[in-house]
Amino acid sequence: MIAKTREIYRDKRLTNSLPTVRFLDPEYVYLAVTNQRCATGELYVKPGDHVKMGQKIGLRHGPFFEQPIHATVSGEVVGTVKKFHRSGKLTEFVQIKNDKKEEWDEEYKPRTDEEIAKLTKEDFVEILKDKALVGLGGSSFPTYIKFQGNDPIETLAINAVECEPYLSADHRLILEFPDLLMQGCKYAMQALGAKRTVICIKKKYQDLYDTLTAELTRFPNLPIEVCRVGNYYPQGWEIEMIKTALGVKVPAGVLPAKLGIQVLNVSTTVGLYRAIKQNRPVVERNFTITGDGITTPTNFRVKVGTSLQEIITLAGGYNSDDNKVMILGGPMMGANLVRDDAVVTKTCTSCIIMNEKKYTEEPCVRCGSCVYSCPAGLQPVQIMQAVKNNDKDALKNKLNIKSCILCGMCSYTCTSKIHLTEYCRKGKKLAL
Ligand code: SF4
Ligand code: SF4
């Protein structure tokens with residue numbers, strides 16, 4: 001599927017200069033009872049119950065942690081339904097009918113600056129855990145875990161690179177809420193004991209540079225700098241970003257925290273601001289809908305749990321009767337959707353909708369492009385062969401499949417249009 005998208009890798013410009021459209025009153029929201037990191041979940045509510053925004057309506061259970069489920073609108077619980085999750089899997093969701101009163105749970109009182117100044121590292125961890133903040137750039141990694149380690153952190157690196165083609169949700173977030181980003185950096189530095197923050201953006205985005213440097217004049221005492229990194233993919237892979245921005249090479253298998261660096265994505269940093277200052281969980285997010293198959297590519301600000309079909313309608317619907325290729329997430333790392341019956345979860349950045357173009361996979365010509373382009377130094381063509389041979393041992397020990405970041409570069413550069421990333425995905429599962 002990724003190879004099918006190759007002709008149109010250029011168009012962040014479809015959306016990044018357009019203001020974000022607010023759509024915060026859907027008729028219903030759908031909240032996942034489970035996700036990739038938490039295989040089971042329980043609900044505290046039943047059909048007919050009235051809930052308020054931010055109310056804990058359930059709990060997801062994972063092997064290492066639990067995650068509260070927060071209502072993102074006030075209204076009435078309808079029941080549970082099956083819909084597609086951003087992972088591409090059919091998943092159980094709790095459905096809430098929005099009463100459009102935007103009533104917050106009384107528990108959520110903003111903190112004063114004095115209260116925040118007194119928060120300890122342990123307090124930050126508890127708040128982030130309670131608010132279920134996760135990597136909103138798509139990683140879905142629980143943020144509190146990044147704050148509970150004992151490694152001394154010198155530098156907080158903010159990943160504002162958003163390097164996948166087409167996506168501009170973070171781009172608009174920075175342009176429209178630079179103050180929240182700065183405040184989020186300030187709180188994260190306090191929690192980590194970090195001495196400085198480096199916000200990493202792509203070199204070519206002058207608008208981001210101008211906005212951030214202008215905003216920094218309002219925070220003269222904060223040790224925050226803006227660093228312009230490369231325009232290429234996958235510059236947003238944290239290992240690449242750290243190397244370019246800080247000149248530090250993070251060895252394979254080593255966490256940046258071991259080298260005194262902690263990384264947060266832009267949306268996560270703004271989410272952290274809301275958790276600490278407003279004492280609120282993430283109930284809304286920026287979401288890009290774009291591609292040559294949709295009438296009006298747009299960035300929306302939506303409630304977590306909004307149905308994708310509703311957003312497609314708002315964006316003018318499909319622009320033709322052609323078959324569509326749909327990807328939830330970016331074109332390089334996102335998941336293919338077989339139907340548009342999906343939901344915008346907390347970690348859903350975007351949906352790319354394209355008119356399908358026919359590409360035929362051809363036999364490998366041993367050109368080596370996939371090997372040269374792999375940022376992790378792997379051999380995708382050999383990985384494909386090992387998957388075909390069901391050779392788990394080679395995948396694990398010789399081909400180091402666990403270092404694959406599923407970036408999509410091998411598929412993108414393959415001369416024969418082979419979906420190598422799909423083989424990598426399968427190889428990872430085989431080697432478990
Ligand atoms: S998907 Fe994996 S194997 Fe392919 S280029 Fe990216 S890291 Fe390398
Ligand atoms: S890029 Fe494609 S054709 Fe070239 S070696 Fe890799 S798998 Fe074979």
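The values are calculated or read from the model by the stated rules, or taken from the named source; none is laboratory data. None of the values given here were measured: they were computed from a predicted structure. Every residue, glycine among them, receives a Cβ derived from its backbone with ideal geometry; neighbour counts consider all protein chains shown.
Things to note:
- Condition broken by Thr306, with the remaining ones in (1) crowded, with 22+ Cβ neighbours inside 10 Å; (2) within 16 Å of ligand 2 (Cβ to nearest atom); (3) of a type outside the set (D, E, K, R); (4) within 25 Å of the chain's Cα centre (by Cα) satisfied: (2)
- Among the criteria (1) in contact (Cβ under 8 Å) with a residue 60 or more places away in the chain; (2) over 29 Å from Pro375 (Cα atoms), the one Leu246 does not fulfil is (2).
- Answer residue from the stretch 218-261, given it is of a type in the set (S, T, N, Q) and surrounded by fewer than 19 Cβ atoms within 10 Å (Cβ to Cβ) and is modelled with the highest pLDDT among those: Thr244
- Residues in the stretch 417-432 that are more than 11 Å from ligand 1 (Cβ to nearest atom), charged (D, E, K, R) and touching a helix residue (DSSP H, G or I) at 6+ places or on another chain (Cβ under 8 Å): Lys417, Lys426.
- In the stretch 341-369, the residue that is surrounded by the fewest Cβ atoms within 10 Å (Cβ to Cβ) out of those that are touching a residue at least 24 places away in the same chain (Cβ under 8 Å) and near ligand 2 (Cβ under 10 Å from one of its atoms) is Pro363.
- Matching residues in the stretch 262-291 - criterion: being surrounded by fewer than 24 Cβ atoms within 10 Å (Cβ to Cβ) and charged (D, E, K, R): Arg274, Lys277, Arg280, Glu284
- Residue list for the stretch 100-119, restricted to those being touching a helix residue (DSSP H, G or I) at 6+ places or on another chain (Cβ under 9 Å) and part of a helix (DSSP H, G or I): Asp113, Ile116, Ala117
- Qualifying positions in the stretch 331-372 - within 22 Å of Thr20 (Cα to Cα) and part of a strand (DSSP E or B): Ala342, Val343, Ser350, Cys351, Ile352, Ile353, Met354
- Checklist (1) assigned to a loop (DSSP other than H, G, I, E, B); (2) surrounded by fewer than 18 Cβ atoms within 10 Å (Cβ to Cβ); (3) not assigned by TED's automatic domain parsing to the domain that holds Leu272 applied to Glu92, failing item: (1)
- Selected residue (criterion: farthest from Lys429 (Cα to Cα)) from residues of the stretch 380-416 that are touching a residue at least 60 places away in the same chain (Cβ under 8 Å) and within 9 Å of ligand 1 (Cβ to nearest atom): Tyr412
A quick yes/no check of all residues on (1) in contact with a Phe, Trp or Tyr (Cβ under 7 Å, 6 or more places away or on another chain); (2) more than 24 Å from Lys243 (Cβ to Cβ); (3) outside the structural domain of Tyr232 (by TED's automatic domain parsing); (4) within 13 Å of ligand 2 (Cβ to nearest atom):
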residue	(1), (2), (3), (4)
Ser373	no, no, yes, yes
Lys388	no, yes, yes, yes
Leu395	no, yes, yes, no
Cys407	yes, no, yes, no
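- With respect to the conditions (1) assigned to a helix (DSSP H, G or I); (2) within 25 Å of Ile224 (Cβ to Cβ); (3) not assigned by TED's automatic domain parsing to the domain that holds Ile199, Arg301 lacks only one, and its number is (1).
- Test for Glu215: is it part of a loop (DSSP other than H, G, I, E, B), in the same structural domain as Leu246 (by TED's automatic domain parsing) and surrounded by 17 or more Cβ atoms within 10 Å (Cβ to Cβ): no
- Residue count for the stretch 375-385 satisfying the condition of being within 13 Å of ligand 2 (Cβ to nearest atom) and either modelled with pLDDT under 95 or assigned to a helix (DSSP H, G or I) (or both): 6.
- Qualifying residue in the stretch 70-79 (condition: assigned to a strand (DSSP E or B), among the acidic types (Asp, Glu), surrounded by fewer than 21 Cβ atoms within 10 Å (Cβ to Cβ) and modelled with pLDDT of 95 or more): yes
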